[in-house]
Amino acid sequence: ETGVTQSPTHLIKTRGQQVTLRCSSQSGHNTVSWYQQALGQGPQFIFQYYREEENGRGNFPPRFSGLQFPNYSSELNVNALELDDSALYLCASSPGLAGPSTDTQYFGPGTRLTVL
Amino acid sequence: QKEVEQDPGPLSVPEGAIVSLNCTYSNSAFQYFMWYRQYSRKGPELLMYTYSSGNKEDGRFTAQVDKSSKYISLFIRDSQPSDSATYLCAMRVAGSHTGRRALTFGSGTRLQVQP
């Protein structure tokens, strides 16, 4: 069974640029969530995709957008990068089962984004 | 006020000590509780998952939930240097809609186990 994978590992961008981060979910999982983790903080929920549709969103502006593909992999896109966007971006997949008691999220290693 | 409060530490203990990590929360709708371990520059790894008040044990780890006090704990017995990491508590509301299953995290407690 393959776990959650993310690419790239590290990324350096300048303010105003756009970035795309990628995530492959764990085998058998149809739900992908994205989180932003600033240094010294816990992860903050950005949004979640379930069967290719956005299915919940945290307190992030519209310049944060995403996609989920038929194979359940996902992309996070950030436009007009700001210095405060520098963080570890984490992808988590979950089975998306009807029973909430078993719907647990498993995280990938993250992509570290630095905005200069 | 944050929905989930967690002491950032750092917490330094000698090898073999019992470690107690704690979180408090304010949202009574939280029904599912998790502890994740995060090594430096890595993604969080799920350690414990529970959804009822009381204790749940898994090897050297015990998760404790007190919903009436809005307080959760993680105990680590016989701590090892390899346990040195940041421990994150996380929780979410109940609900059949998957969009309601976003996790709310504490800020993490950094643990250092000295050999």
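The values are calculated or read from the model by the stated rules, or taken from the named source; none is laboratory data. A quick note: this is a predicted structure, and the numbers were derived from the prediction, not measured. Neighbour counts are summed over all protein chains in view; Cβ atoms, including those assigned to glycine, are modelled from backbone coordinates with ideal geometry.
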Query raised in the report: Within region A:31-51, can one find any residue that is in a strand (DSSP E or B), within 8 Å of another protein chain (Cβ to nearest Cβ) and farther than 26 Å from B:TYR39 by Cβ?
Result: yes
Report summary line: Going through region A:2-13 in order, the residues found to be touching a residue at least 40 places away in the same chain (Cβ under 8 Å) and polar (S, T, N, Q) are A:THR5, A:GLN6, A:SER7, A:THR9
Query raised in the report: In this structure, is B:THR62 surrounded by fewer than 21 Cβ atoms within 10 Å (Cβ to Cβ), assigned to a strand (DSSP E or B) and touching a strand residue (DSSP E or B) at 6+ places or on another chain (Cβ under 9 Å)?
Result: yes
**Report entry** Hey, B:TYR49 at the interface with another protein chain (Cβ under 8 Å from one of its Cβ atoms), surrounded by 14 or more Cβ atoms within 10 Å (Cβ to Cβ), in a strand (DSSP E or B) and in contact (Cβ under 8 Å) with a residue 40 or more places away in the chain or not
**Finding:** no
Report summary line: Filtering region A:52-63 down to residues that are without any contact (Cβ under 8 Å) to a residue 24 or more places away in the chain and surrounded by fewer than 18 Cβ atoms within 10 Å (Cβ to Cβ) yields A:GLU52, A:GLU53, A:GLU54, A:ARG57, A:GLY58, A:ASN59, A:PRO61, A:PRO62, A:ARG63
Report task. Could you give me the residue pairs with C-beta distances under 6 Å whose first residue belongs to region A:14-25 and is within 29 Å of A:TYR50 (Cβ to Cβ), whose second residue is among the aromatic types (Phe, Trp, Tyr) wherever it lies, and which are 6+ apart or on separate chains? Result -> A:LEU21/A:TYR89; A:SER25/A:TYR72
Query raised in the report: Taking only pairs six or more apart or across chains, which ones have beta-carbon atoms under 6 Å, a first residue in region B:14-34 that is of a type in the set (Asp, Glu), and a second residue that is surrounded by 13 or more Cβ atoms within 10 Å (Cβ to Cβ)?
Result: B:GLU15/B:VAL113
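Results for (1) under 30 Å from A:GLU53 (Cβ atoms); (2) modelled with pLDDT under 95; (3) crowded, with 17+ Cβ neighbours inside 10 Å; (4) within 14 Å of another protein chain (Cβ to nearest Cβ), shown as yes or no for each residue.
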{"position": "B:LYS2", "(1), (2), (3), (4)": "yes, yes, no, yes"}
{"position": "B:GLY9", "(1), (2), (3), (4)": "no, yes, no, yes"}
{"position": "B:SER12", "(1), (2), (3), (4)": "no, no, no, no"}
{"position": "B:VAL19", "(1), (2), (3), (4)": "no, no, yes, no"}
{"position": "B:SER28", "(1), (2), (3), (4)": "yes, yes, no, no"}
{"position": "B:TYR32", "(1), (2), (3), (4)": "yes, yes, yes, yes"}
Report summary line: Sole miss for B:GLN112 among (1) touching a Leu at 6+ places or on another chain (Cβ under 8 Å); (2) surrounded by 13 or more Cβ atoms within 10 Å (Cβ to Cβ); (3) within 14 Å of chain A (Cβ to nearest Cβ) is condition (3)
Query raised in the report: Taking region A:12-50 as the search range and keeping residues that are within 12 Å of A:GLY66 (Cβ to Cβ) and polar (S, T, N, Q), which one is modelled with the highest pLDDT?
Result: A:THR20
Query raised in the report: Somewhere in region A:75-88, is a residue facing another protein chain (nearest Cβ under 7 Å) and not basic (Lys, Arg)?
Result: no
Report task. Taking A:SER33 as the residue in question, decide whether it is of a type in the set (S, T, N, Q) and crowded, with 20+ Cβ neighbours inside 10 Å. Result -> yes
